[in-house]
1. Please specify each residue of the stretch 50-71 satisfying the condition of being away from the ligand (no atom under 16 Å from the Cβ) and either of a type in the set (Ser, Thr, Tyr) or loosely packed, with under 15 Cβ neighbours inside 10 Å (or both).
2. Which one of the conditions (1) among the basic types (Lys, Arg); (2) more than 22 Å from Leu188 (Cβ to Cβ); (3) within 16 Å of the ligand (Cβ to nearest atom) does Arg88 fail to meet, given that it meets all the rest?
3. Taking the residues in the stretch 200-230 that are assigned to a loop (DSSP other than H, G, I, E, B) and in contact (Cβ under 8 Å) with a residue 60 or more places away in the chain as candidates, determine which candidate is farthest from the ligand (Cβ to nearest atom).
4. Out of Arg124, Arg107, Arg77, Arg88, which single residue is of a type outside the set (S, T, N, Q), open to solvent by 60 Å² or more (accessible area, probe 1.4 Å), in contact with a helix residue (DSSP H, G or I) (Cβ under 8 Å, 6 or more places away or on another chain) and not in a loop (DSSP other than H, G, I, E, B)?
5. Out of the residues in the stretch 215-241 that are more than 13 Å from Ala196 (Cβ to Cβ) and aliphatic (A, V, I, L, M), which is modelled with the lowest pLDDT?
6. Can you confirm whether Gly51 is more than 14 Å from the chain's Cα centre (by Cα) and at positive phi?
7. Pairs only if they're at least six apart or on different chains, beta carbon under 8 angstrom, first in the stretch 33-49 and within 6 Å of the ligand (Cβ to nearest atom), second of a type in the set (Ser, Thr, Tyr); list them, first residue then second.
8. Hey, could you check the stretch 179-199 for residues that are open to solvent by 10 Å² or more (accessible area, probe 1.4 Å) and not in a helix (DSSP H, G or I) and say which is nearest to the ligand (Cβ to nearest atom)?
Amino acid sequence: MTLLAIEQLDARHGLLQAVRDVSLVVDEGETVALVGANGAGKTTLLRTIAGAHRPVGGRIIFDGADLTGMPAHRRVRLGIALVPEGRRLFPDLTVEENLLTAIAAGRSGPWNVERVLEAFPLLRPLRKRQARLLSGGEQQATAIGRALMCNPRLLLLDELSLGLAPVAVDAVYSSVRSLIAAGTTIVLVEQDLSRAMAVASRIVCLLEGRVVLAGRTSELSRDQITTAYFGLHHGVGRESA
Ligand code: ATP
């Protein structure tokens, strides 16, 4: 079943058009990775889906409803949760307090502090520690946990591995894999192609704001994706949705 449909989306930063005529569909239970070079428009696209950035054209349909003009907090209530680039935790609040901040914003459902600590065992001994005292990996786990506390139907993950040591990235991705196995629908932005290909069922490659390649991970070669990523050969394997 289609959970998210993006139709001909355009988004700008002032005069700069960061997202151009992007159409894509995310089915329930799918993990879609947005890949592309720096400045390709991945973060802008993710923030536009979350309602943190207003598009100038196109539509965002979630579970059949048109969200295009809807503010971010109402999208959270419908089940869209964003883990932003840079994590944006409350530095003076503890891990547990950061998790609890999400309750008022989100939906009711199975996720609570105990369940987040089960999903991210590294956080259990740290639940009373202030976020500013955590390592990058621990902060990232807390940020994902906070999004899960909203009981999302769609989880948007922006650059989970940014600034993390490889061992921390492994730990964070191992938790993400458990979420995927449990059927969570995820759209993630990932610069590391190997990581993206390892977790995503579908890859969407952006170049200068446009979708230049989209397809099932199992049907795309690394060469095809790299070629699209760097804009060496526009249109290879291009999908219309
Ligand atoms: P990165 O991996 O570097 O985050 P990205 O693919 O996520 O790149 P975006 O961050 O969406 O790309 O940026 C798309 C374009 O929009 C870039 O040219 C960028 O410089 C520009 N841009 C992004 N944020 C802003 C902003 N707040 N103000 C002005 N221009 C911006």
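The values are calculated or read from the model by the stated rules, or taken from the named source; none is laboratory data. Nothing here was measured: the structure is a model prediction, and the numbers come from that model. Here the Cβ is made from the backbone with ideal geometry for all residues, glycine too, and neighbour counts use every protein chain on show. Note: areas computed on protein heavy atoms with side chains; ligands, DNA, RNA excluded. Shrake-Rupley method; radii C 1.70, N 1.55, O 1.52, S 1.80 Å.
1. Matches in the stretch 50-71: Gly64, Ala65, Asp66, Thr68, Gly69, Pro71.
2. Condition (2) is where Arg88 drops out.
3. Ser201
4. Just one listed residue meets the conditions, Arg124.
5. Only one residue fits best here, namely Ala241.
6. no
7. Gly36/Tyr229
8. Of everything passing the filter in the stretch 179-199, Gln191 is nearest to the ligand (Cβ to nearest atom).
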